[in-house]
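Comments concern the structure below.
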Amino acid sequence: MTRGVIFYIRALFDPGTQGLTEGCKGLLEGLRTKGYILCLFGRTSDNRVELICLLRPFELFGRILFASNDRIRRHLQECLEYGDLEPSETFVVGTRVGKEIAIGKRMGMKTILYRSGRFRSRLPVNQSQVVDFIVFDIRDVINFLV
């Protein structure tokens, strides 16, 4: 049973509108209401820390973490520990197969690739990048969390 969801910032942020992806606030509120433990994760190199602070999604997440590229795995582990979650009961939702999906897979989490933005055409190049599910609308994430 899925208990936790770790979202990468790129999966929730729409650079075109400089705001949250359409429908994501409703998705996050629905997941919180159903008891899911939600974490937001981003790399400091995303240059979105200030923007996320302006959007104020803080009440929707139990944990918000930013890390440099060399600390991603450690911070994802922090998300698991925060929610007392096992990797097998946690989904990672991201837009990049080479980093976000691959790290989640290697840690034993289930993965959802949100096909959006500049990375939408990237394909897996090895087994660690093969996703469990693909969505084209962030609101469809709910369909795979069982």
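The residues of region 118-141 that are surrounded by 16 or more Cβ atoms within 10 Å (Cβ to Cβ) and either at pLDDT below 90 or not β-branched (V, I, T) (or both), listed by number, are F119, Q129, V131, F133. Cβ-Cβ contacts under 9 Å between residues 6 or more apart (or on different chains), taken from a first residue in region 1-27 that is more than 15 Å from L113 (Cβ to Cβ) to a second residue that is part of a strand (DSSP E or B) and among the acidic types (D, E), are listed as L20/D14; E22/D14; C24/D14.
If I ask for residues that are in contact with a Gly (Cβ under 7 Å, 6 or more places away or on another chain), of a type in the set (S, T, N, Q) and within 19 Å of F13 (Cβ to Cβ), which ones from region 59-101 would you list? Result: T95, single match. Considering region 1-42, and only residues there that are part of a loop (DSSP other than H, G, I, E, B), of a type in the set (D, E, K, R) and touching a strand residue (DSSP E or B) at 6+ places or on another chain (Cβ under 9 Å), the residue that is modelled with the highest pLDDT turns out to be R3. When I103 is tested against the conditions (1) of a type in the set (V, I, T); (2) surrounded by 15 or more Cβ atoms within 10 Å (Cβ to Cβ); (3) out of contact with any Lys or Arg (no Cβ under 8 Å at 6 or more places or on another chain); (4) modelled with pLDDT under 90, the lone failure is (3). For region 57-76, the candidate set comprises residues that are part of a strand (DSSP E or B) and either farther than 17 Å from G4 by Cβ or of a type in the set (A, V, I, L, M) (or both); within that set, the residue that is modelled with the lowest pLDDT is A67. Selection over region 77-95 of residues that are touching a helix residue (DSSP H, G or I) at 6+ places or on another chain (Cβ under 8 Å) and either surrounded by fewer than 19 Cβ atoms within 10 Å (Cβ to Cβ) or over 15 Å from R3 (Cα atoms) (or both) gives a count of 4. Going through (1) modelled with pLDDT under 90; (2) closer than 20 Å to R3 by Cβ; (3) in contact with a Pro (Cβ under 9 Å, 6 or more places away or on another chain); (4) not aliphatic (A, V, I, L, M) one by one, G98 falls short only on (2).
The values are calculated or read from the model by the stated rules, or taken from the named source; none is laboratory data. In this text the structure is predicted, and so the values were computed from the model without any measurement. Using ideal geometry, Cβ is built from the backbone for each residue, glycine included, and neighbour counts are taken over all protein chains shown.
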